[in-house]
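Here's the structure, in structure tokens; my notes come after.
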Amino acid sequence: MIENNKKALITGAAKGLGRATAVALSTSGYDVILTDINAEALAETKQFIEDNGGSAVTYILDVSDKKQIESVLMQAIKDEKKIDAFVNNAGIGGKMAPFHEMKDEDWDRVIAVNLSSVFYCLKFQLQILLKQGGGNIVNVASLAGKKGVTLGSHYSASKHGVIGLTKTAAVEYGSRNIRVNAVCPSFIETDIIDTVPPPILDFVKTYRVPLKRLGRPEEVANAIKFMLSDDSSYMNGHSLVLDGGMDAG
Ligand code: NAI
């Protein structure tokens, strides 16, 4: 579906799934608003989109800082006049550790970047969409939002929380022409899985994923694009698993 004159804001848009989502949305006609903490990679993504005929603007936004979320979102809507879609994607893996050894600062950081960020983004995005009379939001959760993760209590809790926020926003705002959904990828080839030991990734590919490979960022981006489009107009409060069939067996 070609989306002319639509604008989408993506957090964590400099690299990985956020970058792939920005490129996919741009290719389908959106003007994209890119936000991230990595200024250099953000500029490279903007350049790539423009070199391919798209339109992109950038804002530096650290999603662990609620004041920055409010000020950047308010500045973006002032500059752009209208934003049709939001993708709350920025996130980190965090330092893995067993529960009884998890450091407070590692727990706090993952909850701040992965969960509280989505609450504050939603809060201000919903204010914007209510004024506009509707719109669409996709949150990037994880398969870890549906399952426990060995050594990842903080990550799993943060992503379960993102699914809870998604469902709650969907039931609160569906009647106001706002749809809120989530994607739940498993292992996708981005920098975030660099911390996963290669033997584990090999085991996952060989024995756990029926498709026998990890996911590609574009495959998640295409699902997000679908969820933001009218092709998914009756989808609301859904958490779409993208795992190559890993959780099916
Ligand atoms: P990535 O590490 O490739 O990209 C993450 C992006 O977020 C980077 O551009 C980084 O600069 C940005 N970022 C990090 N902290 C930030 C902050 N405080 N404020 C703003 N931006 C920040 O990782 P990936 O894989 O693209 O992750 C994107 C989302 O997808 C995350 O929420 C992650 O939890 C989720 N996810 C990823 C999976 C995977 O296997 N790659 C699987 C399931 C979920």
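Based on Cα contacts under 8 Å between residues 6+ apart, the chain shows a relative contact order of 19 percent. Helix 39-51 axis versus longest C-alpha principal axis of the chain: approximately 60°, rounded to the nearest ten. With respect to the chain, whose longest principal axis is taken over its alpha-carbon atoms, helix 117-132 is tilted by about 20°.
Can you give me the % of accessible surface on the chain that is carbon or sulfur? Probe 1.4 Å, all protein chains present, nothing else counted. Carbon and sulfur: 54 percent of the exposed surface of the chain. Measuring between alpha carbons in the structure, the pairs from 7/205; 7/212; 67/95 lying more than 30 angstrom apart are 7/205; 7/212.
What the Cβ-Cβ distance of residue 203 and residue 235 gives, at R0 = 30 Å and to the nearest 0.05, is a FRET efficiency of 0.35.
Charge dipole of region 6-233 (Cα centre as origin; +1 on each Lys and Arg Cβ, -1 on each Asp and Glu Cβ, all else neutral): 740 debye, rounded to the nearest 20.
With respect to the chain, whose longest principal axis is taken over its alpha-carbon atoms, helix 153-173 is tilted by about 30°.
Tell me, in nm to one decimal, what length is gained between residue 44 and residue 5 on full extension, where the rule is 0.36 nm per residue of separation less the Cα-Cα distance? Provide the component values of the computation, followed by the final result.
Numbers: separation 39, 0.36 × 39 = 14.04 nm, distance 2.33 nm.
Answer, rounded to one decimal: 11.7 nm.
Using 0.36 nm per residue, how much length does the chain from residue 189 to residue 74 gain when fully extended, once their Cα-Cα distance is taken away? Length difference between fully extended and current span is 38.1 nm. Taking a sphere under 12 Å around the Cβ of residue 228 and counting the other residues whose Cβ falls inside, with K and R at +1 and D and E at -1, yields a net charge of 0. Annotation: per residue accessible area for the chain equals 48 Å², rounded to a whole number [probe 1.4 Å, protein chains only].
Just how many % of Cα pairs in the chain lie over 28 Å apart, if you round to the nearest whole percent?
Details: 8567 of 30876 pairs.
For the chain, the share of Cα pairs beyond 28 Å comes to 28 percent.
The values are calculated or read from the model by the stated rules, or taken from the named source; none is laboratory data. These numbers were taken from a predicted model, which means no experiment stands behind them. Positions of Cβ are generated from backbone atoms using ideal geometry, with glycine treated the same way; all protein chains shown enter the neighbour counts. Keep in mind that these areas ignore ligands, DNA and RNA; they rest on the heavy atoms of the full protein, side chains included. Shrake-Rupley method; radii C 1.70, N 1.55, O 1.52, S 1.80 Å.
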